[in-house]
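No lab work stands behind these numbers, since they all come straight from the coordinates. Remember, it's a predicted structure, so these values are computed and weren't measured experimentally. All Cβ positions, glycine included, derive from the backbone under ideal geometry; neighbour counts span all protein chains shown.
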């Protein structure tokens with residue numbers, strides 16, 4: 001019995017040594033391609049489902065992940081923010097389809113770009129890649145002009161999400177060579193983003209967005225710039241948002257202040273944010289981005 005067991009164990013070890021790693025590699029190579037999909041379409045109609053139908057019709061094995069379809073209408077700047085933040089958490093070869101396209105049907109170019117991290121971006125060349133290019137670098141970009149990479153028989157001037165971006169992403173997901181999509185685009189369009197400045201009085205930046213339904217103020221001030229002002233946790237900070245002034249404590253998280261009280265904290269993207277614990281800062285104070293934000297330098301105590 002013991003000899004029989006040893007023979008079986010030895011046979012299993014020999015099989016695993018010969019076939020196991022190969023089988024594992026084959027399984028990994030068969031992992032479904034990932035497409036991350038973002039638009040300003042909303043979900044009240046069939047536009048998102050139509051685009052997914054096009055993708056799956058060409059690449060049925062693709063795994064489609066919704067980044068968001070609630071980008072504020074026409075807001076390329078918000079699209080930049082969402083796309084830049086989310087893309088850092090996905091692996092190489094992920095395909096991002098981003099359709100925030102107020103210039104649809106005009107002379108702006110539909111493109112595929114590849115980052116130095118090995119990710120692909122299928123989108124209009126309207127500045128959506130501004131921060132990704134700055135952070136990750138871009139290997140190259142191609143204008144999508146090859147009819148084989150578009151939806152056959154569809155030539156709408158107003159639904160390039162269906163006719164160009166979705167099929168192009170699906171061809172990438174099938175493993176086709178992205179350089180076949182069309183000619184090289186030598187230079188990407190970039191947004192002019194407002195800079196954060198430091199002077200003798202303090203920092204000047206901007207409230208750029210709100211954090212979903214919570215009404216927290218998202219700013220463009222990185223935590224390391226704020227630290228130049230010298231504040232320590234627990235200290236009060238004088239802040240001016242537009243024409244409104246506030247004095248709020250600098251804390252780590254919402255629960256560090258009583259319910260209903262304001263706070264200044266470093267958010268999950270390492271940016272300075274203003275909030276009300278279990279409340280809505282923007283609604284309470286009537287704040288609508290974009291607005292200038294000033295943070296006073298810490299007074300010497």
Taking only the Cα positions of the chain, the convex hull volume per residue in Å³ is 225 Å³
Apply the a/c threshold of 1.5 to the C-alpha gyration tensor of segment 31-181 and tell me whether it is rounded, prolate or oblate. rounded
Arranged by the count of other C-beta atoms within 10 angstrom, fewest first, what order do 222, 114 take? 222, 114
By per-residue mean of other Cβ atoms within 10 Å, what is the highest-first order of 78-89, 257-268, 119-130? 119-130, 78-89, 257-268
For a footprinting-style exposure proxy, rank 101, 46 by other Cβ within 10 Å, fewest first. 46, 101
Taking 8 Å as the Cα distance limit and 6 or more residues as the minimum spacing, I'd like the relative contact order of segment 109-198 as a percentage. 35 percent
antiparallel share of DSSP beta bridges within segment 74-165, to nearest 5, in %, is 75 percent
Packing rank of 91-97, 165-171, where each peptide gets the mean count of other beta carbons within 10 Å, highest leading: 165-171, 91-97
Hey, what did the chain get for relative contact order, percent, Cα under 8 Å, at least 6 apart? 13 percent
When the Cα centres of segment 64-112 and segment 233-301 are compared, how far apart do they sit, in Å? 29 Å
Among 74, 231, which comes first, second and so on when ranked by fewest other beta-carbon atoms within 10 Å? 74, 231
Using Cα pairs closer than 8 Å and at least 6 residues apart in sequence, work out the relative contact order for segment 197-296, in percent. 36 percent
Can you give the % of DSSP beta bridges in segment 116-267 that are antiparallel, to the nearest 5? 95 percent
